[in-house]
Protein chains: 4
Amino acid sequence: MGTGRVEAFSDSVMAVIITILAFELRPPNGVDLAAVRAQLPGLLVYVLSFVFIGIYWNNHHHVMRAADRMSGATMCANLLLLFWLSLIPVLTLWLRDDYQHALPAATYGAVALVAGASFNVLVRTLIRANGQDSAIARAIGSDVKGKTSMALYATGIAAAFISPWIAYGLYVTVALMWFVPDSRFTRQSRA
Amino acid sequence: MGTGRVEAFSDSVMAVIITILAFELRPPNGVDLAAVRAQLPGLLVYVLSFVFIGIYWNNHHHVMRAADRMSGATMCANLLLLFWLSLIPVLTLWLRDDYQHALPAATYGAVALVAGASFNVLVRTLIRANGQDSAIARAIGSDVKGKTSMALYATGIAAAFISPWIAYGLYVTVALMWFVPDSRFTRQSRA
Amino acid sequence: MGTGRVEAFSDSVMAVIITILAFELRPPNGVDLAAVRAQLPGLLVYVLSFVFIGIYWNNHHHVMRAADRMSGATMCANLLLLFWLSLIPVLTLWLRDDYQHALPAATYGAVALVAGASFNVLVRTLIRANGQDSAIARAIGSDVKGKTSMALYATGIAAAFISPWIAYGLYVTVALMWFVPDSRFTRQSRA
Amino acid sequence: MGTGRVEAFSDSVMAVIITILAFELRPPNGVDLAAVRAQLPGLLVYVLSFVFIGIYWNNHHHVMRAADRMSGATMCANLLLLFWLSLIPVLTLWLRDDYQHALPAATYGAVALVAGASFNVLVRTLIRANGQDSAIARAIGSDVKGKTSMALYATGIAAAFISPWIAYGLYVTVALMWFVPDSRFTRQSRA
């Protein structure tokens, strides 16, 4: 089974999630800077979620490209990943309105954590389908970056109950960590 | 006529339906667990509809891949299938608000039933276009699983008027039945 | 210039229009048949618009497939066509609420008419780019069906001011006329 | 790295942005011409934004087609471009309601300006990845049109504080300027 149609479907879902995020932005209630400033928290949460989905799209792209074959389990893991990502818009709405509270901040991290776990399962099914010597297995390696992300999300969930701002700091850290292009795949494509 | 563009169009429609479902989720009206709990029925209906569309996408994928040719009738049947699937988001909204009543539960089953019938017609037009000896004809066989699903949906529609919960139980049973990977196509692709 | 990416873009836009139509459907305000019946006009308008977009998607598919080359003018005509089609959801909303009035019924016909004219321009730019002896030029021929549709829409616009129901009758007639598979392209693909 | 999947993803995002624009159109509050006329400003802003996105889609198409290779930086620049474009729907909503004020008019121009800058960065990463002798480097040349657009947007932002109508005039001028097919790529494809 090739990876083409699964890529196209996943792209569609992620593209629509990004634009639904944009769709939920509200225009300022007025025409002065104060009205614009009142929309800032919503805009920042939007940027975080946009970057979050953008990173998944990027990694999904790399992983699918590195794989030649996929299994039925890959399709299930992919659908599960898309399910968690599809919850991001509603969480973004919740964070926009209640960002100074513990539970919304922790829930955002929890969905990010299970999305990360689903991506991890997706990658493992691809490695199993392509073999331990395949390009994708060598490219992923011990996956330090993935494991660090999940540890940071888990810490963020707990830290949200001390202060949501620590949680947001950790989530932004994960986003920045992934924004740096992944040398593993670059190395791979050079070889 | 190849199946490429019809696949791409159907993928788009199904991807957008899934994210519209997500879009209709409402954030909790508060920041404690009670507020989250109040959203649970809506989330469960969302999961059911998400899995429902996901299964159609998966089966559509297998069936289209197994077919080499399609006819004008296939395009009509496909449009009809997408029409019924496009009603799922509004039914999900209805179920979210009125899940303890007979009529919404029965209507959900009725749309699932006619969607199943449309898929059945779609498959038959593909078998006619590709011949009784084609890969798709051998893969579908007597289609016990499809017929069982339709019988369960029909039972669910009637049972909804006794108790909606029996209907939901039957709908979940169909979903679980399809979640197990379809050995017919696996067998096929091995041969 | 090939037609691939324009097809993919147009497919996306039309797929999203169809699902936005579905998104604007409202669940019944109640759980009895009277509540369902109150949604019927909206559902019928939805079916009309769904079939309308579905027919354009189908014809677009045939026309693009029959063409080998396209020009910059084709891209402009295509964008214009998509613009008119993108007005269908808001007109569907208007018709849902005010279907018994002349102006909404006439406006629906007017947008259908200019969409038809844009499609006509699109086809002409394709014929110019591919030559008078090309497959697409032979397939389109004198385009009786297209001209009849535009005449019926024009009649419908005027008739809406006598009674909107005559207009709806004419719009449904056009839809039925196109639902019959277009023998011109079938003939073409046989040859 | 090929440009295929990035094209498909960008197409999806832009297609959804266009239809979200359409989705935000409101039907007239009545059935006479006065009610239609009250929607006119919203419709004109919609047309401006539709054409704006349409031009980006068109240029993106040309640029991606002219490039053979892309880098990780291209993917980042592309995501940044899509981010700015995804703000267009909410700005369109703001302009619809407050078009006679300076700040909304200036903000629209500011987002158009940074979107233009992102597109410029995108093109430069493509030139770096494909070489100074590549088809894309020769096609872009000194990019007078791109620089003029950014100057007009910058002027528009300042002019909005004198009168929003000057700003709108400048934005429409940019749109018209790009609507004329880009001879650079036509020349290229002839050679």
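The values are calculated or read from the model by the stated rules, or taken from the named source; none is laboratory data. Predicted, not measured: the structure shown is a model, and the values here were computed from it. For neighbour counting, all protein chains shown are included, and Cβ atoms are generated from backbone atoms with ideal geometry for every residue, glycine included. In case anyone asks, the SASA skips ligands and DNA or RNA and just uses the protein heavy atoms, side chains included. Shrake-Rupley method; radii C 1.70, N 1.55, O 1.52, S 1.80 Å.
For region B:94-106, the tally of residues that are part of a helix (DSSP H, G or I) and surrounded by fewer than 21 Cβ atoms within 10 Å (Cβ to Cβ) stands at 5. Residues in region D:4-19 that are more than 8 Å from chain C (Cβ to nearest Cβ) and farther than 15 Å from C:E7 by Cβ: D:R5, D:V6, D:F9, D:S10, D:V13, D:I17.
Among the residues making up region A:136-168, a single one is touching a residue at least 40 places away in the same chain (Cβ under 8 Å) and of a type in the set (D, E, K, R): A:R138. Sub-7 Å Cβ pairs linking a first residue in region C:107-126 that is over 16 Å from C:I55 (Cα atoms) to a second residue that is among the polar types (S, T, N, Q), at least 6 apart or interchain, are C:T125/C:S71; C:T125/C:T74; C:L126/C:T74, ordered by first then second residue. Take B:I53 and tell me if it is in contact (Cβ under 8 Å) with a residue 40 or more places away in the chain, open to solvent by less than 20 Å² (accessible area, probe 1.4 Å) and outside any loop (DSSP other than H, G, I, E, B). So B:I53 does not fit the description; no. Would a scan of region C:20-39 turn up a residue that is more than 9 Å from chain B (Cβ to nearest Cβ), among the aliphatic types (A, V, I, L, M) and open to solvent by 10 Å² or more (accessible area, probe 1.4 Å)? Yes, region C:20-39 contains a residue that is more than 9 Å from chain B (Cβ to nearest Cβ), among the aliphatic types (A, V, I, L, M) and open to solvent by 10 Å² or more (accessible area, probe 1.4 Å).
Only a single criterion out of (1) under 14 Å from B:A115 (Cα atoms); (2) touching an Asp or Glu at 6+ places or on another chain (Cβ under 6 Å) is not satisfied by B:M64, namely (1).
Surrounded by 24 or more Cβ atoms within 10 Å (Cβ to Cβ), at pLDDT below 90 and either out of contact with any Leu (no Cβ under 7 Å at 6 or more places or on another chain) or not hydroxyl-bearing (S, T, Y) (or both): is that true of A:L79 in this structure?
So A:L79 fits the description; yes.
If you go through region A:57-90 and keep only what is β-branched (V, I, T) and either at the interface with chain B (Cβ under 10 Å from one of its Cβ atoms) or assigned to a loop (DSSP other than H, G, I, E, B) (or both), you end up with A:I88, A:V90. Within region D:8-34, if we keep just the residues that are more than 16 Å from D:G54 (Cβ to Cβ) and charged (D, E, K, R), the residue that is modelled with the lowest pLDDT turns out to be D:E24.
For B:L48, indicate whether it is touching a residue at least 12 places away in the same chain (Cβ under 8 Å), within 11 Å of chain C (Cβ to nearest Cβ) and either open to solvent by less than 30 Å² (accessible area, probe 1.4 Å) or not β-branched (V, I, T) (or both). If you could, list the steps in order and put the result at the bottom.
Working: touching a residue at least 12 places away in the same chain (Cβ under 8 Å): yes; within 11 Å of chain C (Cβ to nearest Cβ): no; either open to solvent by less than 30 Å² (accessible area, probe 1.4 Å) or not β-branched (V, I, T) (or both): yes.
Spelling it out, it is not the case that B:L48 is touching a residue at least 12 places away in the same chain (Cβ under 8 Å), within 11 Å of chain C (Cβ to nearest Cβ) and either open to solvent by less than 30 Å² (accessible area, probe 1.4 Å) or not β-branched (V, I, T) (or both).
For the condition at pLDDT below 90, more than 14 Å from chain B (Cβ to nearest Cβ) and open to solvent by less than 40 Å² (accessible area, probe 1.4 Å), what is the one hit in A:A137, A:A112, A:A129? Step through it out loud before you land on a result.
Details: A:A112 fails: at pLDDT below 90; A:A129 fails: more than 14 Å from chain B (Cβ to nearest Cβ).
Just one listed residue meets the conditions, A:A137.
Which residues, counting only those in region C:140-155, are within 15 Å of C:W178 (Cβ to Cβ) and part of a helix (DSSP H, G or I)? I'd like the intermediate steps shown before the answer.
Taking region C:140-155 as the starting set, the residues that turn out to be within 15 Å of C:W178 (Cβ to Cβ) are C:140, C:143-153.
Residues satisfying the conditions are C:I140, C:V144, C:K145, C:G146, C:K147, C:T148, C:S149, C:M150, C:A151, C:L152, C:Y153.
The numbered conditions (1) among the small types (G, A, S); (2) modelled with pLDDT of 95 or more; (3) open to solvent by 50 Å² or more (accessible area, probe 1.4 Å) are all true for C:S142 except (2).
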